[in-house]
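In what follows, a single structure is set out as structure tokens and then discussed.
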Amino acid sequence: MADIDRIDTEKRNPRAAGFSGLSVYEMAKLMNDEDRRCAGAVGDVLPEIAAGAELIEKAMRTGGRLFYCGAGTSGRLGVLDAAECPPTFGTDPGTVIGLIAGGREALIRAVEGAEDDREAGETDLRAHGFSSSDVLVGIAAGGRTPYVLGAADYARSRGAKVIALVCCRGSELSKHADVTIAPVPGPEVIAGSTRLKSGTCQKMVLNMLSTCVMARLGKVRGDLMTDLAATNEKLRRRAEAIVREETGADENTARAALEANGWRCAPAIETLLAGRNERTPAFHGRDEA
């Protein structure tokens with residue numbers, strides 16, 4: 001592995017020299033200026049993001065699952081994206097799975113040494129029955145986390161595809177991946193604190209991967225989340241708005257269609273559109289005067 005001080009995410013940022021002595025406003029401005037680099041860094045790797053999304057889509061069309069695997073901030077971001085897929089896209093909770101070194105406890109507090117356990121990456125995938133039909137996205141800002149490397153090696157040994165999401169060039173993880181997505185936003189304001197720009201880039205890429213894949217799989221209609229799970233009042237209101245937007249139905253009609261279809265937007269929309277078409281007489285040509 002590369003020496004830590006040679007990895008992009010661990011270097012010191014010359015623009016942040018004296019950061020702790022700045023006023024709060026100056027700190028915030030510097031961080032905002034640095035964050036602007038994230039969009040450009042992600043923009044530089046759009047072809048790789050597209051390749052990764054297409055790989056995931058292909059696997060999921062044949063029943064494969066998407067696994068995210070990471071430690072610390074990287075792991076939490078993967079778990080977050082996985083957790084948001086069921087309410088946003090109506091997926092089964094077992095379709096997109098987030099794994100974090102140290103397990104559930106690591107979501108709210110650091111679990112010492114968990115990321116250094118290479119065998120745990122394999123163990124966690126085994127526990128979920130990971131197979132050749134699945135896809136693994138290994139997330140590691142510096143691309144050297146043993147837990148993620150272990151998972152990547154196991155995935156490849158099973159014949160599955162691996163996508164590396166890193167924030168530096170020439171990472172170790174990229175050597176274990178079929179596709180490498182490597183936005184490089186540069187050194188952090190606080191040297192090595194990859195929860196900052198690196199985490200922002202990772203979140204942006206994960207947003208793109210899951211959203212593009214789900215749209216391709218028909219979970220989105222136009223720009224509307226027509227497969228959302230309306231599990232609370234806010235989401236039921238959103239579901240009503242989506243159905244009304246797509247069908248032109250009034251509030252009562254939209255709600256009735258949703259209730260009849262288990263609060264699922266897509267079938268409610270199809271029901272209303274089918275009913276409207278049935279009520280529209282077929283056109284057989286211009287009436288004669």
Inset, instruction - State the Cα centre-to-centre distance between segment 87-151 and segment 1-50 in whole Å. - result: 25 Å
Inset, instruction - Give, rounded to the nearest 20 debye, the magnitude of the charge dipole that the chain has about its Cα centre when Lys and Arg contribute +1 at Cβ and Asp and Glu contribute -1 at Cβ. - result: 120 debye
Inset, instruction - Just tell me which lysines come within less than 17 Å, Cα to Cα, of LYS29; anything on the same chain fewer than 8 places away is out. - result: LYS197
Legend entry - segment 13-110, dipole about Cα centre (Lys/Arg Cβ +1, Asp/Glu Cβ -1), debye to the nearest 20: 200 debye
Inset, instruction - Could you tally the net charge around THR88, taking each other residue with its Cβ under 9 Å from the Cβ of THR88, Lys/Arg +1 and Asp/Glu -1? - result: -1
Inset, instruction - Please check which bits of segment 54-94 a label hung off ARG238 would reach, taking the label as a point 7 Å along Cα-to-C-beta and the cut-off as backbone N under 18 Å. - result: 80-93
Inset, instruction - Using R₀ = 25 Å, calculate the FRET efficiency as 1/(1 + (r/R₀)^6) where r is the Cβ-Cβ separation of ALA256 and ASN207; round to 0.05. - result: 0.15
Legend entry - Fewest-first ranking of TYR68, TYR147, TYR154, TYR25, using other Cβ atoms within 10 Å as the exposure measure: TYR25, TYR154, TYR68, TYR147
Inset, instruction - Mind sorting LEU99, LEU46 by how few other Cβ atoms lie within 10 Å of their own Cβ, fewest first? - result: LEU46, LEU99
Inset, instruction - On a 0 to 90° scale, report how tilted helix 233-247 is relative to the longest principal axis of the chain, with both axes built from alpha carbons and the result rounded to the nearest 10. - result: 50 degrees
Inset, instruction - Could you pull out every one of the aspartates and glutamates with an alpha carbon less than 13 Å from that of LYS219, ignoring same-chain neighbours closer than 8 positions? - result: GLU57, ASP92, ASP227
Inset, instruction - For the chain, build the charge dipole from Cβ charges (+1 Lys, Arg; -1 Asp, Glu) around the Cα centre, then report which of VAL179, TYR154, ALA127 sits farthest towards its positive end. - result: VAL179
Legend entry - R0 of 25 Å, Cβ-Cβ distance TYR25-ILE190: FRET efficiency to nearest 0.05: 0.90
Legend entry - Relative contact order (percent, whole number), segment 215-277, Cα cutoff 8 Å, 6+ residue spacing: 29 percent
Inset, instruction - Relative to the longest principal axis of the C-alpha atoms of the chain, give the angle of the C-alpha long axis of helix 265-279, reported between 0 and 90° and rounded to the nearest 10°. - result: 20 degrees
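No value in this document is a laboratory result; all are computed from the given coordinates. Quantities reported herein were computed from a predicted structural model and do not represent experimental measurements. Glycine gets a Cβ as well: all are built from the backbone with ideal geometry, and neighbour counts include every protein chain shown.
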